[in-house]
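The numbers here are math on the coordinates, done by the rules we state, and not lab data. Every value quoted in this text rests on a predicted model; they were computed, and no experiment measured them. Every residue, glycine among them, receives a Cβ derived from its backbone with ideal geometry; neighbour counts consider all protein chains shown.
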Protein chains: 2
Amino acid sequence: MSVEELIARERVEVEAALDRVMPAPQRWPARLHEAMRYAVMAGGKRVRPILARLSYAAAGGNPAEITEAVCGLELIHTYSLVHDDLPSMDDDVLRRGRPTVHVAFDEATAILVGDALLTEGLLVLATRPGGPEWAARRAEAVAVVAAAISSRGMVGGQMADLEATGQIDRSTEPTADDLERIHAAKTGRLIRASVELGAVLAGVEDVTLQSRYGERLGLAFQVADDVLDAVGSVDEIGKSPGKDAEAGKLTFVTLHGIDAARRKLNELEEELVEVASSIEGDDGDLAAMAKFVTRRKS
Amino acid sequence: MSVEELIARERVEVEAALDRVMPAPQRWPARLHEAMRYAVMAGGKRVRPILARLSYAAAGGNPAEITEAVCGLELIHTYSLVHDDLPSMDDDVLRRGRPTVHVAFDEATAILVGDALLTEGLLVLATRPGGPEWAARRAEAVAVVAAAISSRGMVGGQMADLEATGQIDRSTEPTADDLERIHAAKTGRLIRASVELGAVLAGVEDVTLQSRYGERLGLAFQVADDVLDAVGSVDEIGKSPGKDAEAGKLTFVTLHGIDAARRKLNELEEELVEVASSIEGDDGDLAAMAKFVTRRKS
């Protein structure tokens, strides 16, 4: 099976579970639930829940057991996109080829959609899989993910990113180290947590290798994103390209150039394939995911 | 001990614990952590963590064991205030006598402060009290609180409130029933969850009475708030009074009048004192809290 087939098969599972865990669109208040679905059901690669499933399978588990739980990662990822797109943040009007939530609905609704998706994501992790035998792992699952998206993780990265791009006051110029720290927090932490989550739900006690793999994959993901922003088209990436350079945004590409970014992706791919092969029980899917991320075209 | 002394003593415990669970203000990114503390350390009655402690004590527990955990309620309550105050929501510039977060900092920072406080609140509940013997109760704690603040609870209430006040499009006029539903969701659910949380952390299996008490107390809290908005001064309530009527906001007072609101508070107080007396082990503190809420002047 090619990695594209693997991901296509995984996506079907994840999207069916997303539909089950999301509140029905007609539930009160309908406007909010419709907007939540608009945001979540817009496509997307579903990389985070897929990573958690593959990591769970590598640890010997049957991924069907945790599909609903790990949908929490996708709800949380979507919340971060909806809030990042807001006018006072990155001010994006297009996401995955469609108007962003605050454009399709309004700003207040978009803020509440983000709040509700964040809450729902952690609620799903706190309640699934059901049954008392899973309770301890559920608490650990919430802890791993909430720490990753906290003020020291994803949200902190977005704050530092806004400061670094001068969108709000700052006193000093950002450095290349700042950039790396920002990426690691803003994008890397949730991807790392996704890989860790699969292992934690499988009862793995030492998740060092999963953390390493997740951390490098997160970096690869961000560098690939920066490359795509620099060279992609609207059709390929589903949003306005070249926005980073235009906005004076600090990215791997604007800082080190496109060639260095591509070399970095090659190095990361090699390292990731090696770490993946050390993770017990991995049947090559994690290595395939690494190649998919470093070579992705959209 | 008077209820004022009880609350003063409780507040000292809660504020010391808040200081311990909040990330240090100098931590990266400092702007975010300073703003989080600005929002949380602005005073406030700390009613939600206090209710959880009293409910835990009524169930026979030593409240010191859960003080850090129930601080999660206060972080979450603060997140809801910071987001509700945003320009695209209620557009408030004053809160507890000080500039709101988006005024003191900026809008993007205020959105991220809310996101970070929500995350931190659930993270605190997922990790405290520490130790494997608490793991199942921690998962349950996150579940109870996250459900209360979800799109069917607090966030849904805020969405419906914005629709009802015409701040965003709506197709039908709201009714008195709508008002009750909005209040129950927006304010009532988290207060009810606070009382439930104390019982859940104490291992109580049937929390029906705690739910009833919390639900009526939440209603009393909201009606008292509406009365204060109508008749209070800036000094007393720390925010601009009369804003509800001005904004055409649907409240118990604008809908039924001030006399009906005061009668409702008397009825609720009687009912609450009775329910409190049925909660096993209550030494009168929950009844005292009920009186405090229905009679509060700020």
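Candidates B:Ala276, B:His256, B:Ala288 compared by Cα position along the dipole of the stretch B:249-298: farthest toward the positive end lies B:His256, with charges placed on Cβ. Paramagnetic label reach from A:Ser211 (point 7 Å along Cα→Cβ; backbone nitrogen cut-off under 17 Å): within the stretch A:132-156, residues A:140-150, A:152-154. For A:Met41, inter-copy separations between label points set 7 Å beyond Cα along the Cβ vector come to 4.6 nm, shortest first. Given the options A:Ala42, A:Ala110, A:Ala148, which has the most mean-square fluctuation in a GNM of chain A, springs set between C-alpha atoms less than 10 angstrom apart? Of A:Ala42, A:Ala110, A:Ala148, the Gaussian network model singles out A:Ala42 as fluctuating most. Temperature 20 °C, viscosity 1.002 mPa s: under these conditions the Stokes-Einstein estimate for chain B, based on its Kirkwood radius over C-alpha pairs, is 111 µm² per second. Temperature 25 °C, viscosity 0.890 mPa s: under these conditions the Stokes-Einstein estimate for the stretch B:181-226, based on its Kirkwood radius over C-alpha pairs, is 234 µm² per second. Scaling against 2.2 N^0.38 Å puts the C-alpha radius of gyration of the stretch B:1-80 at 1.15. Relative contact order of the stretch A:44-110: 22 percent, from C-alpha pairs under 8 Å at least 6 residues apart in sequence.
Here is the tail figure for the protein assembly as shown: Cα pairs spaced more than 46 Å apart come to 14 percent of all pairs.
Other residues within the sphere of radius under 12 Å centred on the Cβ of A:Thr294, judged by their own Cβ, net out at +3 (K and R +1, D and E -1). Annotation for A:Ser277 and A:Lys291: the two label points, set 7 Å from Cα along the Cα-Cβ direction, are 1.3 nm apart. Springs between alpha-carbon pairs under 10 angstrom, Gaussian network model over chain B: which of B:Arg189, B:Arg53, B:Arg96 fluctuates most? Top of the fluctuation ranking is B:Arg96.
Charge dipole (Cα centre; +1 on Lys/Arg Cβ, -1 on Asp/Glu Cβ; no other charges) of the protein assembly as shown amounts to roughly 40 debye.
Treating each Cα of the stretch B:6-151 as an identical point scatterer and summing with the Debye formula, the log10 of I(q)/I(0) at q = 0.14, 0.17, 0.20, 0.21 Å⁻¹ comes to -0.66, -0.95, -1.24, -1.33. Rounded to the nearest 20, the Cβ-based charge dipole of the stretch B:1-64 about its Cα centre (Lys and Arg +1, Asp and Glu -1) stands at 240 debye. Only helical runs count toward this figure. For chain A, summing -39,500 (n - 2.57) over DSSP H runs of n ≥ 4 and dividing by all residues gives -21000 deg cm²/dmol at 222 nm. Site pair B:Glu13 and B:Lys45 shows an inter-label distance of 1.8 nm when each label is modelled 7 Å from Cα along Cα→Cβ.
A point 7 Å from Cα along Cα→Cβ stands in for B:Glu173, and the other copies hold the same point at 6.2 nm, listed in rising order. With a 10 Å cut-off around each Cβ of A:125-131, the average count of Cβ atoms from other chains is 4. Computed over chain A with a Gaussian network model linking Cα atoms closer than 10 Å, the most mobile of A:Leu122, A:Leu217, A:Leu209 is A:Leu209. Starting from the label point of A:Gly130 at 7 Å along Cα→Cβ, the same points in the other copies fall at 3.4 nm, in ascending order.
Taking 0.36 nm per residue of sequence separation and removing the Cα-Cα distance, the B:His256/B:Arg98 pair yields an extension gain of 53.8 nm.
Only Lys, Arg, Asp and Glu carry charge here, each on its Cβ (+1 for the first two, -1 for the last two); on that basis chain A has a dipole of about 540 debye about its Cα centre. Neighbouring Cβ atoms from other chains, within 10 Å of the Cβ of residues in B:285-298, number 0 on average. Put the Cα centre of the stretch A:38-111 next to the Cα centre of the stretch A:132-197 and the gap is 15 Å.
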